[in-house]
Amino acid sequence: MPSSRPRPRSPDVRIYKPQLTSVLSIAHRATGVLLSAGSVLLVAWLVAVADGSNAYAALDGFLRSWIGIILLVGWTFSLFYHLCNGIRHLSWDMDFGFELASIYLSGWLVVSASVVLTLATWIIGMAAGR
Amino acid sequence: MLIRSSKQVSRWRRPRRFPVPPASGTSPASRIEQGKTWPEPQGATRVRHLRIFRYDPESGNNPRVDTFAIDRDKCGPMLLDALIKIKNEIDPTFAFRRSCREGICGSCAMNIDGTNWLACIRALDEMNEPATVYPLNNMDVVKDLVGDQAHLFAQLHSIKPWLRTRTPAPANSERLQSPEERAKLDGDYECILCFCCTSGCPSHWWNGDRFLGPAVLLQAHRWLVDSRDEATDERLDELEDPFKLYRCHTILNCTRTCPKGLNPGKKIAEIKLMIQQRRS
Amino acid sequence: MSDWNREDPLDRNPPGGRASPLRRAIGLGSSGSGAHHWWLQRVTAVALVPLSIWLVASLIAHARDGQQDLLAWLGRPAVAVTMAALWVILFWHMKLGLRVIVEDYVHADRMKFAILIVVDLVSLALMAIGVFTNLYLALH
């Protein structure tokens, strides 16, 4: 009878509940990918500065437009999140902070710290720039 | 919410699943269809609804999700009581594993309201309404809630989970351990091999064919720290691999879900540190 | 999820085969590597903590600079050396991190090898462009 039919695979990501553990982990990966893309832009910016042609003016104009600002805010948040959560990972690598309460406490700390640092950076940046 | 014990049930109910398409990356045979709604119990005042994954290998149909209604006044307090009631009184073809009904055998591990746990120690009162019950994740389903664990036990077999020695056993006694040496096994030996952690580990979902997974790595740690074992060198050699061990990205779903309150994530970090210790 | 689209001629144990579960679990055995990758990712991560903070602080400080001011700043030896170090470590870290992501999600082996080569070469190219631009600015 249906012996040739392959067995179904039980669902995983489709039904597993998102928890702080997995959400922060995939966010670490996502911000890493965003920062990789951002670092290409960073090198492009350096080359544009050095080039001395119209490239710099074009890139600078783009980064000061609304789209540019949104990208830069996203880059800043990604950087601070990846930095803070990276420190959390380094502490785990030293076998520190593995109790479930510590995992959750440090997780929420990382989220709050990255929001605060992003806001602080932009407030200071705006104030210093004007 | 600050979690102090993995026994706590999170009050954070939304979102209940990751924003991925319901059929993403699945073979046609694994797509889940709308199942049957079984009749409500007569004259019940407290009704609990359970949405349960069903698969009948003899029907030739795809898996489906059936909805059962249980009269709470005529059912024991735990999810396992409800599952047994369904099998006894509603649908005798319903299949699931169970044995001890007290959280020590690891048979009734399943995905309950989105996280993995033992049905015998999850109270119906702690579950969503309607509650959802699936088999452990990422396994070939034999029938209903019964997944094929052959690969998981083969992975356990592959780390040789037995005492490996070179010194002959003492003639007139056992291989002795000091109380301190014995204490090093605490947190490892309690594992009941229910595989809640491994089947809840995203790394094992994507690379379960090569990544050993938290349950097996916890067992690997158990033999690495056993003072009577004399194959630490070989064990570490066998583990040092980008996939077998280092596919662990410290996501920690394992530690979050372990129904025995163990900490597989921490033990895997300790294995990585052991490997670093011998390198520098 | 992983049962789909995994067929590959390099797969010795294709789905539906009759190999024993233990043979499948053992696979090709342990490569005896992975620790070096893990260690270097940690070393570069530690170095990136001060370097990324320095980068953000510098970018804030020079947010309103024109091109000439930026050229003067980038021409200073300390800045050139620090930024060159940043490129080396940043793109090394990126290369290690992206490698893991590709290995996690790409399972068809030949496709995976091709992408890994691209990831490695692009990372090294970006590293080289950054470092040489800094040297150029410092020496000009």
Inset, instruction - Quick one: net charge around B:Ile70, please, counting Lys, Arg +1 and Asp, Glu -1 for every other residue with C-beta under 13 Å from its C-beta. - result: -2
Legend entry - Solvent-accessible heavy-atom area per residue, rounded to whole Å², over chain C at 1.4 Å: 54
Inset, instruction - Provide the percentage of antiparallel DSSP beta bridges, counting only those with both residues in the stretch B:28-147; round to the nearest 5. - result: 75
Inset, instruction - For the pairs A:Lys17/B:Lys87; B:Lys87/B:Lys267; B:Lys143/B:Lys244; B:Lys184/B:Lys244, note any where the Cα-Cα span goes beyond 32 Å. - result: B:Lys87/B:Lys267
Inset, instruction - Pull up all non-local amide H partners of B:Val142: gap of 5 or more, or a different chain, and H-to-H distance under 5 Å with H placed in the peptide plane. - result: B:Gly147, B:Asp148
Inset, instruction - Please pull out the direction-averaged projected area of the stretch B:50-111, using the convex hull of its alpha-carbon atoms, in nm² to one decimal place. - result: 4.7
Legend entry - A:Trp122 versus C:Tyr136: modelled label distance in nm, points set 7 Å from Cα along the beta carbon direction: 3.3
Inset, instruction - Kindly write out, for the stretch B:35-40 in residue order, the coupling ³J(HN,Hα) from the Karplus curve 6.51 cos²θ - 1.76 cosθ + 1.60 (θ = phi - 60°), rounded to whole Hz, with x marking Gly and Pro. - result: x, 9, 9, 7, x, 6
Inset, instruction - For C:Ala57 and C:Lys112, compute 0.36 nm times the residue count separating them, minus their Cα-Cα distance, and round to one decimal in nm. - result: 16.0 nm
Inset, instruction - Return the FRET efficiency for the residue pair A:Ala37, C:Ala19: r is the Cβ-Cβ distance, R0 is 45 Å, and the value is rounded to the nearest 0.05. - result: 0.65
Legend entry - Accessible area (Å², 1.4 Å probe, nearest 10) - B:Ile159: 20
Inset, instruction - Would you please calculate the Kirkwood hydrodynamic radius of chain B over all C-alpha pairs and express it in Å, rounded to one decimal? - result: 20.6
Legend entry - Accessible area buried between chains A and B, both sides summed, probe 1.4 Å, in Å² to nearest 100: 4500
Inset, instruction - Heads up, I need the accessible area for B:Arg164: 1.4 angstrom probe, whole protein in place, Å², nearest 10. - result: 30
Inset, instruction - For each cysteine in chain B, check whether another cysteine's C-beta sits under 4.7 Å from its C-beta; list those where none does. - result: B:Cys75, B:Cys108, B:Cys120, B:Cys191, B:Cys194, B:Cys196, B:Cys201, B:Cys248, B:Cys258
Legend entry - Sequence of A:Phe77, B:Phe68 from largest to smallest accessible area, 1.4 Å probe: A:Phe77, B:Phe68
Inset, instruction - Provide the solvent-accessible area of A:Tyr81, counting protein heavy atoms only and rolling a 1.4 Å probe, rounded to the nearest 10 Å². - result: 10
Inset, instruction - Read phi for every residue in the stretch A:98-107 and hand back ³J(HN,Hα) as whole Hz from Karplus 6.51 cos²θ - 1.76 cosθ + 1.60, θ = phi - 60°, with x for Gly and Pro. - result: 8, 5, 4, 5, 5, 4, 6, 4, 5, x
Legend entry - Value at 222 nm in deg cm²/dmol, rounded to 500, when DSSP H runs of n ≥ 4 in the protein assembly as shown each add -39,500 (n - 2.57): -16000 deg cm²/dmol
Legend entry - Considering only the protein assembly as shown, percent of DSSP beta bridges that pair antiparallel, nearest 5: 75
Legend entry - Listing of the stretch B:251-280 residues, each with accessible area lower by at least 50 Å² in the full protein assembly than in the chain alone (probe 1.4 Å): B:Ile251, B:Leu252, B:Asn253, B:Arg256, B:Lys266, B:Leu273, B:Gln276, B:Arg279
Inset, instruction - In whole angstrom, note down how far apart the Cα centers of the stretch C:51-79 and the stretch B:120-198 are. - result: 55
Inset, instruction - Mind giving me the FRET efficiency for B:Val47 and B:Glu89? R0 is 22 Å, r the Cβ-Cβ distance, nearest 0.05 is fine. - result: 0.95
Legend entry - Rel. contact order, % - alpha carbon contacts under 8 angstrom, at least six apart, the stretch A:20-127: 34
Inset, instruction - Just need the relative contact order of chain C here, percent rounded to a whole number, with Cα pairs under 8 Å and 6+ apart. - result: 31
Legend entry - Projected area averaged over orientations for chain C, convex hull of C-alpha atoms, nm²: 11.7
Inset, instruction - Return one quarter of the surface area of the convex hull spanned by the alpha-carbon atoms of the protein assembly as shown, equal to its mean projected area, in nm². - result: 31.4
Legend entry - Accessible area in square angstrom per residue, the stretch B:14-134, 1.4 angstrom probe: 48
Inset, instruction - Express in whole angstrom the spacing between the alpha-carbon centres of the stretch B:79-111 and the stretch A:18-41. - result: 39
Legend entry - Sequence-distant lysines (8 or more away, or on other chains) whose Cα lies within less than 20 Å of C:Lys95: C:Lys112
Inset, instruction - Would you mind checking the tilt of helix C:77-105 against the longest principal axis of the Cα atoms of chain C, expressed as 0 to 90 degrees and rounded to 10? - result: 20
Inset, instruction - Mind putting together the pair-distance distribution for the stretch B:28-147? All Cα pairs, 10 Å bins, whole percent per bin, short to long. - result: 14, 49, 32, 6, 0
Legend entry - Apportionment of accessible area to carbon and sulfur, the stretch B:131-260, percent (1.4 Å): 54
Inset, instruction - Measure out, as a whole number of angstrom, how far apart the alpha-carbon centroids of the stretch A:68-130 and the stretch C:108-137 sit. - result: 27
Legend entry - Fraction of accessible area attributable to carbon and sulfur, the stretch A:20-127 (%, probe 1.4 Å): 82
Inset, instruction - With θ set to phi - 60°, apply the Karplus curve 6.51 cos²θ - 1.76 cosθ + 1.60 along the stretch B:154-170 and write out the HN-Hα couplings as whole Hz, x wherever there is a Gly or Pro. - result: 5, 5, 4, 4, 5, 8, 6, x, 8, 5, 10, 10, 10, 6, x, 5, x
Inset, instruction - Could you work out the relative contact order of chain B, using alpha carbon pairs under 8 angstrom and six or more residues apart, expressed as a whole percent? - result: 16
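The values are calculated or read from the model by the stated rules, or taken from the named source; none is laboratory data. These numbers come from a predicted model, not from an experiment. Glycine gets a Cβ as well: all are built from the backbone with ideal geometry, and neighbour counts include every protein chain shown. Keep in mind that these areas ignore ligands, DNA and RNA; they rest on the heavy atoms of the full protein, side chains included. Shrake-Rupley method; radii C 1.70, N 1.55, O 1.52, S 1.80 Å.
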